[in-house]
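Let me begin by presenting the structure, written as structure tokens, before commenting on it.
The values are calculated or read from the model by the stated rules, or taken from the named source; none is laboratory data. The shown structure was predicted, so the numbers you read here are calculated from the model rather than taken from an experiment. Glycine gets a Cβ as well: all are built from the backbone with ideal geometry, and neighbour counts include every protein chain shown. Quick note on the areas: whole protein, heavy atoms, side chains included, nothing else; ligands and nucleic acids left out. Shrake-Rupley method; radii C 1.70, N 1.55, O 1.52, S 1.80 Å.
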Amino acid sequence: MEENYSVASNPVYYEEQNLHVLFAGESQTPPLHQVGPKIYDYFLLHCIETGAGAFRTEQRTYELGPGDCFLIQPGQLVSYVSDSARPWKYRWAAFSGTDAGRLVREAGFSPEQPVAACGDRSVIPEALAGIMKTFYAGRESGHLTSIGLLYLTMGEASEMLKDHSRLPGKDSQVKRTVKQMIHYMSSQYAHPVSIEQMSASLGYNRAYLSRIFKQETGLSPVTYLLKLRIDKSRQLLRERPELSVEQVAASVGLTDALYFSRQFKRFCGQAPTAYRAATARQQEH
């Protein structure tokens, strides 16, 4: 069996790029077809469609099959070889850029965890095929399309990697839920959100969320959200002198300026106007 190989390169290239998909390809390999040992100077993600094979790093060997993905990091010495009886068919995409490492880490990949088992219903092969298709079309807009499909791919892999890395047991579930609550409040504090809305969004009973949140942080969700808003308002009062107290209050999700002033004094010991004046004097000296 000869190798059936095709690849398409991004028609657009920028020297300084935050994230750039370089090329994408597919191959039905012959039995025992081997690549490496070698290193690459870009990230290279493979997803196996059919067949089997082995991926080797300097640390260990991974026996892989349909739906499995493996990510090669720049400068990592690797080799990979298809099975003798069931040689694999895989797709791949190469990418680089100043944000590439962050994207990979956020997805959960690392040199110690280079493999994600995404299963036979994964959208990743279709996304990688989409990158090839858009590059073959030769349009400049394909650059943006390829980045979108790369994010889709990493999002899918992330679900598998994070499921794999989660510790079993009740405690880890509680800590993860509390982290979700903190993330929700940190991203939504500027809006008039409520704890009820957060509970509905996360799919839990409010009483349960309040109990585990206080258990982990020492504060109720209501108090944590209010403290977060007051902390953000202090920053605005210091850094944006052109904003009125009412505008600051609205910017942190508190539309009642009188209530905001009362709570600000409760947390900070002085009214917002007095706090702003005091910090202005400190900055002058």
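List of remarks:
- Residue check, Ala93 out of contact with any Gly (no Cβ under 6 Å at 6 or more places or on another chain), under 17 Å from Gly67 (Cα atoms) and not hydroxyl-bearing (Ser, Thr, Tyr): yes
- The range 96-128, residues that are out of contact with any strand residue (DSSP E or B) (no Cβ under 8 Å at 6 or more places or on another chain), under 19 Å from Tyr40 (Cα atoms) and part of a loop (DSSP other than H, G, I, E, B): Thr98, Asp99, Pro111, Glu112
- Within the range 65-86, the residues that satisfy the criterion of being of a type outside the set (A, V, I, L, M, F, W, C), touching a strand residue (DSSP E or B) at 6+ places or on another chain (Cβ under 6 Å) and either touching a residue at least 24 places away in the same chain (Cβ under 8 Å) or open to solvent by less than 10 Å² (accessible area, probe 1.4 Å) (or both) are Pro66, Asp68, Ser79, Tyr80, Ser82, Asp83, Arg86.
- The set of residues from the range 14-63 being open to solvent by 20 Å² or more (accessible area, probe 1.4 Å), in a strand (DSSP E or B) and of a type in the set (A, V, I, L, M) comprises Leu22, Val35.
- Flag if Ala93 is in a helix (DSSP H, G or I) and aliphatic (A, V, I, L, M): no
- Leading residue by the ranking (modelled with the lowest pLDDT) among those in the range 120-173 that are open to solvent by 100 Å² or more (accessible area, probe 1.4 Å), under 23 Å from Ser9 (Cα atoms) and not basic (Lys, Arg): Glu140
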